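Derivation of every value follows stated rules applied to the coordinates shown; laboratory data play no part. Values in this document were obtained by computation on a predicted structure and should not be read as measured data. Neighbour counts run over all protein chains shown; Cβ positions are idealised from the backbone, glycine included.
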Ligand code: SER
C-alpha cells in the first residue's frame with residue numbers, strides 16, 4: 001500500500017519513463033513530496049512546474065548524500081541509464097553509468113535507511129541462446145549488448161542487496177515502452193514511438209528494423225501501472241528479487257504499420273535495417289510473465305490496436321496544442 005506521506009526521489013525524471021512516472025507519483029504522494037532529479041533540466045512544463053526538481057549526476061555520491069539528508073527519502077526510483085543502441089557506441093561509459101549509478105543508489109538507500117527502491121531491468125538481459133518464444137522467468141541469459149550485460153549484472157546485485165542486507169529493492173524487465181508524452185533515447189525499440197510521430201505528421205517512415213522483427217512491447221499506461229502496482233504490493237508477495245518478466249503485446253514493424261493504416265490509410269513504411277537489427281534479433285519475441293500475474297496480480301490493458309488509437313488521438317491533440 002502507498003504511504004502517501006512518503007518522500008520519493010525519481011532519478012532520471014526527465015526521461016521517457018521518468019517524466020510520466022514522476023507525474024503519477026505526484027498524484028499519489030503530493031507534488032511537494034516527489035523530487036524529480038536528472039542530469040538535464042526538464043523540458044516538459046508539467047514536470048517542471050508541478051514540484052521540486054534537483055539537477056543530479058547519479059555518479060556524484062556527494063550530491064546524492066546531500067539530497068538524501070535534505071529530503072529524507074522513503075522511496076527511490078532509479079531510472080537513469082544508457083540504453084541499448086547508445087551503449088554500443090561507448091560501452092565503457094554505459095557500463096560505468098549503469099553499474100556505478102546502481103551501486104550509488106543501493107548504498108545510499110542502505111545508509112539513509114530508504115524503505116524501498118525501484119530499478120528497471122529489461123528484455124535486453126536475454127540473448128541469442130535464450131528461448132525466444134514465451135521466454136520463461138528463469139532461463140538461459142547470454143546478453144550481448146553492454147546495456148543487457150549491465151542489466152543482468154544489476155539484477156544479480158539487486159537480489160544480493162535484498163538477500164544480504166534486507167534492502168527492499170524491486171524490479172521489472174520492461175519490454176519496449178511506447179508513449180506519446182516523451183521520446184525515448186537510444187534504444188532498439190524506439191522505432192515504435194517514432195513511427196507514430198511520422199504518421200501524425202503525414203510523413204512516411206523508414207524503419208531501422210526489418211518488417212518481420214517481432215519484439216515484446218508495452219504502452220506507457222500499462223508500464224506505469226505495473227511499476228506502481230509492484231512498488232505498492234506487500235513485501236511478502238514479491239517472490240522474485242532479481243527482476244520480474246513483464247508482458248503486454250508483441251508485434252513487428254509491418255504489424256504496427258498496418259495498425260496505423262487503419263486510421264491513416266495513406267501512411268507508408270519502408271525498411272532499412274541497421275546495426276540495431278542484430279540487437280533486436282538477440283532479444284525474445286514474446287515473454288512469459290506468469291510470475292508477475294501470480295505474485296502481484298499483473299494484467300495489461302492495452303493491445304496493439306488499442307494503443308494505436310490512443311497514441312494517435314493524443315499525439316494529434318498535443319501537436320494542435322503546440323501549434324496554438
Ligand atoms: N527499450 C530498451 C532499448 O531498446 C530495452 O529495454 O534499449
Exposure-ranked with fewest Cβ neighbours within 10 Å first, 283, 95, 298 stand as 95, 298, 283
The extension gain from residue 232 to residue 111, computed as 0.36 nm times the residue separation minus the Cα-Cα distance, is 41.3 nm
The value for the chain (convex hull of the alpha-carbon atoms, volume per residue, Å³) is 122 Å³
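What percent do you get for the relative contact order of the range 134-290 when only Cα pairs under 8 Å and 6+ apart count?
Answer for the range 134-290 is 36 percent.
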Dividing the helical contributions, -39500 (n - 2.57) per DSSP H run of n ≥ 4, by the residues of the chain yields a 222 nm value, nearest 500 deg cm²/dmol, of -13000 deg cm²/dmol
Which of 35, 169, 140 fluctuates most in a GNM of the chain (C-alpha springs under 10 Å)? That residue is 140
Of all DSSP beta bridges with both partners in the chain, the antiparallel percent, nearest 5, is 10 percent
Scoring the chain by relative contact order with C-alpha pairs under 8 Å, at least six apart, yields a percentage of 18 percent
Relative to the chain, whose Cα atoms define the longest principal axis, helix 191-200 and its Cα axis are tilted in degrees, nearest 10, by 60 degrees
With a Förster distance of 35 angstrom and the Cβ-Cβ distance between residue 277 and residue 299, calculated FRET efficiency to the nearest 0.05 equals 0.65
Beyond 19 Å, the calculated P(r) of the range 1-80 holds a percent of Cα-Cα pairs equal to 26 percent
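Give the relative contact order (percent, whole number) for the range 228-294; include only Cα pairs under 8 Å separated by 6+ residues.
51 percent
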For the range 53-170, shape from the Cα gyration tensor axes a ≥ b ≥ c, cut at a/c of 1.5 then a/b versus b/c, turns out oblate
Per-residue Cβ contact counts at 10 Å, fewest first, order 7, 189 as 7, 189
